[in-house]
Structures are given as structure tokens and as C-alpha cells.
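The values are calculated or read from the model by the stated rules, or taken from the named source; none is laboratory data. Since we're looking at a predicted model, the values are computed, not measured. Neighbour counts run over all protein chains shown; Cβ positions are idealised from the backbone, glycine included. When the accessible area is computed, the model is the full protein with side chains, heavy atoms only, and any ligands, DNA or RNA have been set aside. Shrake-Rupley method; radii C 1.70, N 1.55, O 1.52, S 1.80 Å.
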Amino acid sequence: MSLKSSQLQLNQQGQLCHFLGIDGLPRELLTEILDTADSFLEVGERAVKKVPLLRGKTVCNVFFENSTRTRSTFELAAKRLSADVLNLDIQTSSTSKGETLYDTLRNLEAMAADMFVVRHGNSGAAHFIAGNVCPEVAIINAGDGNHAHPTQAMLDMLTIRRHQAPFEQLSVAIVGDIMHSRVARSNMEALRILGCPDIRVIAPRTLLPAGIEQYGVRVFNDLRVGLRDVDVVIMLRLQKERMQSGLLPSEGEFYRQYGLTSDSLALARPNALVMHPGPINRGVEIESAVADGPQSVILKQVTYGIAVRMAVMSMAMAGQTTQRQSRQGAQ
């Protein structure tokens, strides 16, 4: 992310007003997101699971790609903040009739929406919307192309912080399709900013992007070598089309070399966490005994995801309000 795009996310007071990506954000802001999410975890345990922070605000979920889990957790997060929620069904919307992304968002903006949660197949779509379409509406990136998935990264960071030693003491391994994974990119950036000294990526050469070293990671092509003595193992979902494109020989061969099993997990530290952004391909990326085992925090990630998305949405809306008040005061 360029300096300009990192500045796009913050108002003049340094508050979050969009959440588009991790890179370029200060460590203090990531810590504030985690602290705020921690405070929201208690809301999920109440009889009435609501706080009034976004009462009277309208949040639009604008998903150009399918994602039941991410969309449903964003919707639940918005409702727990007392917002009104509109889910735009892209398959039946005007975009399928040739309307541009610009026109679609302009029409939604005319409905007086306060926040767009956007998932799009093109990298940079969320930045385009924030910078060119509706700068006074908070934009939350729910995943854009191969570029970024910042709320997934922050829920992963919250999971690690709640279940492991401080980031400054950890070795973290990210395993699988690094090249095509927006989760991997955002996690590498977040871990680096939060001070993790040993970030490892483990993948076949065909699934490693050029210039991976710029993220400050160590690269391994051998799973058993890369997992040795790590504290956290983040498995990535393997997309089946990678098999058909010739990047990998077969699911069985990938599992044999890079699948996380009880035997390969034993090479990590005894209390190592096992994580996965979901949905899991059992027997392709991970053994069921590991996914359901005592070291797995995969279901915890889902719970923490709601709190993180509540934190990001409330902080971005507060930042937008401050920015609007400053602009009005200057007139």
C-alpha cells in the first residue's frame, strides 16, 4: 500500500475513518483495534447482545464475491452495534446488467448509507471506492482480489494475543497458497507491525509470489523444516482451481507434502496454536484430528471475528464523525 493510500484510512486526528488494509498503519492503531475488540467480546455473552454505538446508522454489505462466513459476521457485528443493515445481492443487482461499480456505489450513497462493507474480486477496489466514489462514507474492506483482507488479519491477531505469548516472543508459520492469499499478505503485514520477530511462510515454489522477502519473512519449501519450534501455525485454504492450472500436481500430493497432520504438528512447540481462516478442506490442508484437536482455535477465530468487526466499524464511524465535524467547523 502506498503512503497516499495509508493516509486515506486516517483522518487528520489519526483516527481510523476507512479500513482498507494493514500496511502503513501504526502499531498503536492496530493495538487500539485489538483492545476495542477485547472489550466487545463481553457483548456476545449478554442476554441482550447489543450496544447503541451505531444506532441510526445504515451499513451496506456490498459483496461482489460470495462469502457466507465473512458477510454473516459483518452483518451480526453491525446489528450488535444497533445499525440498520442492507445486504446487496450482486447477482440480481444492476451490476449484472452492465452498471459500473462507480454507479452502483453512487446509487447506494444516494440512499444515505453511512458505511459500505465491500468484498470484490479486483485488488484495489476498496481503495478506489474510498478515494473516488464516496469519501464521506466509511469503507471497510472485506477482501479485495489477492491484495488484502484486513479484518481477517486482525481477528487472527486477536486470537494469537489471547492465546499465546506476546508478539515479540513468537515464531509464526503461514502455510499453503501464499501467492493467491489476501489473508497471508494481511497477516504478514500485521505480524510485522506488531513486532513478531520470526514470520515464516511455507509453500511449494509454484505458490510463492515474487518479492515475498519484502514482508520480512523467512521462506521454507519443506513443511517439516519450517514448522520446527513455531508457536503458531496458520493454514491457508487451498483453492481447487490451483490444481487444474498446473500449479500443483494433485490434492493428495499437496496433503502429503504440506498438509498439517498430528505428526507434522509435533514438530512445532507443544502449545502451538493451529489456525485457519476457513472454510477448511479436510484431508487437503489439514487433518481432522488436528482441526478438531486441543491446539485448534479455529472456532475461536469466528467468535473473535465478530468482536474485531464491531471494533473496526465503530472506530471508522467515529473517525468519520470527527472528520465531518472538523470540516464543518472550518467552514
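Applying the set (1) surrounded by fewer than 14 Cβ atoms within 10 Å (Cβ to Cβ); (2) under 23 Å from the mean Cα position of the chain (by Cα) to residue 106 leaves exactly one unmet item: (2).
Looking at residue 51, is it among the β-branched types (Val, Ile, Thr), in a loop (DSSP other than H, G, I, E, B), touching a residue at least 24 places away in the same chain (Cβ under 8 Å) and over 24 Å from residue 160 (Cα atoms)? Against the criterion (among the β-branched types (Val, Ile, Thr), in a loop (DSSP other than H, G, I, E, B), touching a residue at least 24 places away in the same chain (Cβ under 8 Å) and over 24 Å from residue 160 (Cα atoms)), residue 51 qualifies.
So that you can scan it fast, the table gives a plain yes or no per residue for (1) crowded, with 19+ Cβ neighbours inside 10 Å; (2) over 16 Å from residue 16 (Cα atoms); (3) out of contact with any Ser or Thr (no Cβ under 8 Å at 6 or more places or on another chain):
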{"position": "136", "(1), (2), (3)": "no, no, yes"}
{"position": "147", "(1), (2), (3)": "yes, yes, no"}
{"position": "160", "(1), (2), (3)": "yes, yes, yes"}
{"position": "173", "(1), (2), (3)": "yes, yes, yes"}
{"position": "193", "(1), (2), (3)": "yes, yes, yes"}
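Each residue in the range 14-44 was checked for being within 27 Å of residue 131 (Cα to Cα), assigned to a helix (DSSP H, G or I) and small (Gly, Ala, Ser), and 1 of them qualify. Pairing each residue of the range 196-213 that is in contact (Cβ under 8 Å) with a residue 24 or more places away in the chain and open to solvent by less than 30 Å² (accessible area, probe 1.4 Å) with any residue that is assigned to a strand (DSSP E or B) and charged (D, E, K, R), provided the two are 6+ apart or on different chains, yields C-beta distances under 9 Å for 198/218; 199/218; 200/218; 201/218. Condition (residue is open to solvent by less than 60 Å² (accessible area, probe 1.4 Å) and among the acidic types (Asp, Glu)) applied to the range 35-49: is it met by at least one residue? Checked the range 35-49: at least one residue is open to solvent by less than 60 Å² (accessible area, probe 1.4 Å) and among the acidic types (Asp, Glu). Exactly one residue out of 137, 175, 217 is out of contact with any Gly (no Cβ under 7 Å at 6 or more places or on another chain) and modelled with pLDDT under 95, and it is 137. Restricting the first member to the range 25-36 and to residues that are in the same structural domain as residue 316 (by TED's automatic domain parsing) and more than 17 Å from residue 159 (Cα to Cα), and the second to residues that are open to solvent by less than 50 Å² (accessible area, probe 1.4 Å) and among the hydroxyl-bearing types (Ser, Thr, Tyr), the beta-carbon pairs closer than 8 Å and six or more apart or on different chains are 25/6. Just checking, how many residues over the range 297-331 are under 13 Å from residue 151 (Cα atoms) and in contact with a His (Cβ under 7 Å, 6 or more places away or on another chain)? Count: 1. The residues in the range 109-134 that are among the hydrophobic types (A, V, I, L, M, F, W, C), open to solvent by less than 40 Å² (accessible area, probe 1.4 Å) and closer than 22 Å to residue 322 by Cα can be counted, and the count is 9.
Considering 270, 279, 294, the condition of being assigned to a loop (DSSP other than H, G, I, E, B) and closer than 24 Å to residue 151 by Cα is satisfied by 279 alone. Can you say whether residue 234 is under 21 Å from residue 254 (Cβ atoms) and touching a strand residue (DSSP E or B) at 6+ places or on another chain (Cβ under 6 Å), as far as the supplied structure shows? In short, yes.
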